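Before any comments, here is the structure.
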Amino acid sequence: MAQTRHIIGAKTGLKSVLSRVNLVAPKNIPVLLHGETGSGKEVIAQAVHERSNRSTQKFVRVNCGAIAPELIDSELFGHEKGAFTGARTTHRGWFEQADKGTLFLDEIAELPLSAQVRLLRVLEGSAFARVGGEQSIQTDVRIIAATHRDLPSLIKTHRFREDLYYRLSGFPIIIPPLRERTGDIAALSEYFIARAAQRFGIKPMSLSQADIRMLQSYPWPGNIREFASVINRALLLSEATGNLQIAQALGSFNRAAANNTPSAEQPPSDSTQDDSLDAIIRAHIEKIISECHGRIEGPFGAAQRLRLNPSTLRSKMRKWQK
Ligand SMILES: Nc1ncnc2c1ncn2[C@@H]1O[C@H](COP(=O)(O)OP(=O)(O)OP(=O)(O)O)[C@@H](O)[C@H]1O
Ligand SMILES: [Mg+2]
């Protein structure tokens, strides 16, 4: 589980996020967290719990995307023994387990519509019964929901209920992606280098200004999680060379070099494949765009690696989409 003791950037890039956390934590209202993958939604959810008057009670995290739709009801509300085949014992659902504490509904957008209706009813104060049970149960649970998806657009396509959205989004907190808080990079590096050094038993090393600039210009599609793994890799690679290997750990420069080197192990071409120059150019461009995580412009963008003007690259992409 994520550790909230170390919220790096709490006074810089996450300052406004933390001031919202502090405002809402003691109030018993639902919180909706929005942020890209790896941006720290769980870290912030725990911070809300720990700064609330429920901090000594349970924090129950549920990944709504990881449960088979047919089991959602029994997971949310529990089931009685014998309620369905395989229900060998009575099971207390998340609402009961988190009673008096906080229920963190992660990946809330993945909740099936039928479960959204039942969740809304409980949030509106209704009691519930375990699957296969008759006894009415009422719990006192503070809900924190999180998603990386754009809920308003899911509402438009009828994949998320508007009424549930309004119920959950009374106090939204948007966690900015790492590329928008580059001021935190130096502190994050220091923290993750020290952590990796301890974990791997390697001497901690410091970053050069050029390394920091490189880390600041990378787009970090996997945010802090990706950052931590790049730092781990850079430190492991440093054992052989004696200094941190940020460029190598990021991989881009190596890949760029590799792409310019013809491989001796290329398989012979297959007569059914499209060998036209246009098809080969298109495949190459698509591969580079995917390696750049869809980013077109900037120092880590596909246009620079392909030595193309970004607008030329975009117009090629538009042509292929037709
Ligand atoms: N501000 C931060 N300071 C220190 N560590 C952080 C910070 N934000 C995130 N992390 C670490 O980065 C990793 C990813 O964070 P977390 O699990 O909270 O992200 P998430 O937004 O929930 O990701 P996902 O969408 O993939 O579930 C965790 O190991 C967490 O401890
Ligand atoms: Mg998460």
By residue number, the members of region 135-160 that are touching a residue at least 24 places away in the same chain (Cβ under 8 Å) and either under 23 Å from the mean Cα position of the chain (by Cα) or within 16 Å of ligand 2 (Cβ to nearest atom) (or both) are Arg142, Ile143, Ile144, Ala145, Ala146, Thr147, His148, Arg149, Leu151, Leu154, Arg159, Phe160
Under 9 Å between Cβ atoms, which residue pairs at least 6 apart in sequence (or on different chains) link something in region 302-322 that is in a helix (DSSP H, G or I) with a partner that is among the hydroxyl-bearing types (Ser, Thr, Tyr)?
Ala302/Ser290; Ala303/Ser311; Ala303/Thr312; Arg305/Ser252
Mind checking whether some residue in region 167-176 is in contact with a strand residue (DSSP E or B) (Cβ under 8 Å, 6 or more places away or on another chain), surrounded by fewer than 21 Cβ atoms within 10 Å (Cβ to Cβ), modelled with pLDDT of 90 or more and of a type in the set (Ser, Thr, Tyr)?
yes
Output the residues belonging to region 166-185 that are touching a residue at least 24 places away in the same chain (Cβ under 8 Å) and more than 16 Å from Lys15 (Cα to Cα).
Arg167, Leu168, Ser169, Gly170, Phe171
Under 23 Å from the mean Cα position of the chain (by Cα), within 16 Å of ligand 2 (Cβ to nearest atom) and of a type in the set (D, E, K, R): does that describe Asp106?
yes
With respect to Thr90, determine if the residue is out of contact with any Pro (no Cβ under 9 Å at 6 or more places or on another chain), surrounded by fewer than 21 Cβ atoms within 10 Å (Cβ to Cβ), assigned by TED's automatic domain parsing to the domain that holds Asp106 and at pLDDT below 95.
yes
Filter result for the condition that a residue is more than 16 Å from ligand 2 (Cβ to nearest atom), modelled with pLDDT of 95 or more and surrounded by 18 or more Cβ atoms within 10 Å (Cβ to Cβ), over Val43, Val31, Val24
Val24
Do we find that Ala115 is small (Gly, Ala, Ser), within 16 Å of ligand 1 (Cβ to nearest atom) and not in a strand (DSSP E or B) in this structure?
no
Of all residues in region 40-75, which are closer than 14 Å to Lys27 by Cα and in a loop (DSSP other than H, G, I, E, B)?
Arg51, Ser52, Asn53, Arg54, Ser55
Given (1) within 16 Å of ligand 2 (Cβ to nearest atom); (2) out of contact with any Leu (no Cβ under 6 Å at 6 or more places or on another chain), where does Asn223 come up short, assuming only one miss?
(2)
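The values are calculated or read from the model by the stated rules, or taken from the named source; none is laboratory data. All of these numbers come straight from a predicted model, not from anything done at the bench. Quick reminder, even Gly has a Cβ in these numbers, built from the backbone with ideal geometry, and neighbours come from all protein chains shown.
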